1. Would segment 310-321 turn up any residue that is in contact with a helix residue (DSSP H, G or I) (Cβ under 8 Å, 6 or more places away or on another chain) and either at pLDDT below 95 or surrounded by fewer than 16 Cβ atoms within 10 Å (Cβ to Cβ) (or both)?
2. How many residues are exposed (fewer than 15 other Cβ atoms within 10 Å of the Cβ) and farther than 23 Å from residue 281 by Cα when one looks only at segment 325-354?
3. If a residue must be crowded, with 16+ Cβ neighbours inside 10 Å, touching a residue at least 60 places away in the same chain (Cβ under 8 Å) and within 16 Å of residue 75 (Cβ to Cβ), how many such residues does segment 23-50 contain?
4. Would you check which residues across segment 6-24 are within 11 Å of residue 207 (Cβ to Cβ) and outside any helix (DSSP H, G or I) and list them?
5. Look through 147, 132 and report the one residue that is closer than 17 Å to residue 281 by Cα, surrounded by fewer than 18 Cβ atoms within 10 Å (Cβ to Cβ) and out of contact with any helix residue (DSSP H, G or I) (no Cβ under 9 Å at 6 or more places or on another chain).
6. Can we say residue 306 is in contact with a strand residue (DSSP E or B) (Cβ under 6 Å, 6 or more places away or on another chain) and outside any helix (DSSP H, G or I)?
7. Quick one: in segment 337-358, which of the residues that are in a helix (DSSP H, G or I) and in contact with a strand residue (DSSP E or B) (Cβ under 9 Å, 6 or more places away or on another chain) is nearest to residue 212 (Cα to Cα)?
8. Just one of (1) in contact with a helix residue (DSSP H, G or I) (Cβ under 7 Å, 6 or more places away or on another chain); (2) in a loop (DSSP other than H, G, I, E, B) trips up residue 27, so point out which.
């Protein structure tokens, strides 16, 4: 096990969850550092969790090389990002590009100097929008369903695989993540350190602080818990658009598996999502939240079409499963129940943040 691990974005939902889990599972001689600029509201709530797990928090920003200069890691787990696919469309993409691309470069410069291993959390949003929107799907009572026969390789009823064609625009956010992927693999090859890229689907779970453009699963549960209104946006306002959900604990299990044998994963890019069994439409998500909370709230129909939105995406993770045996172990119901229980146990703490975002 690595002795010194730096988790960037370490006070965010994914970064803090991974930092805490690694600190709890690793030998006592392993030091885990969490670097975060605390820009996202609610990230400060993760500081007590990090402290309790003996993760060493450092307030800093990956956009500033000087904030990384004092570290000497054996592993960099890069979770820092502006995570919204809507970022940049309403104005300058400056923060998005500087964080996701320039920040990744600064982290890679640190890896180059220290020869640290590098594990990068990318996104399914690297796949091109026009091709995703051209996929063949059927409209069912409560969701869209991908068909077996598709116009492109790497697509089928099981979802989108790593063989899907990559030419075309993919959103400003997706562009930064794909460019970072390419830079990581080039740096690893040029400077001789190990690297792996995970293209994650829709990650969700306790301690996610949602906004309307990111963190939809927690947002949906919070709205039901606190009795707030929701909207089905786009695609006729029916709520049939589909994503695959991945419980944060399943991602933790995957990362721990990869850290135990980085040679096995080095230089590879893998889809890491909930897959077909974890796929859900907004309408189905509403039903799950109603089931768990026992509450029925108003969900309005909106025909607004947002930039970079797509009707259906499901991660085909069979390459990863064949490679190492990993597959999600938690069901969608497990995920929804865990978020509900977390909100209920921390209601007074979370209400100001979660209700503000609804």
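1. No - not one qualifying residue is present in segment 310-321.
2. Of the residues in segment 325-354, 9 are exposed (fewer than 15 other Cβ atoms within 10 Å of the Cβ) and farther than 23 Å from residue 281 by Cα.
3. 0
4. 11, 12
5. Answer to the selection: 147.
6. So residue 306 does not fit the description; no.
7. 339
8. Looking at each condition in turn, residue 27 falls short on (1).
The values are calculated or read from the model by the stated rules, or taken from the named source; none is laboratory data. These numbers were taken from a predicted model, which means no experiment stands behind them. All Cβ positions, even for glycine, are placed from backbone atoms using ideal geometry, and neighbour counts span all protein chains on display.
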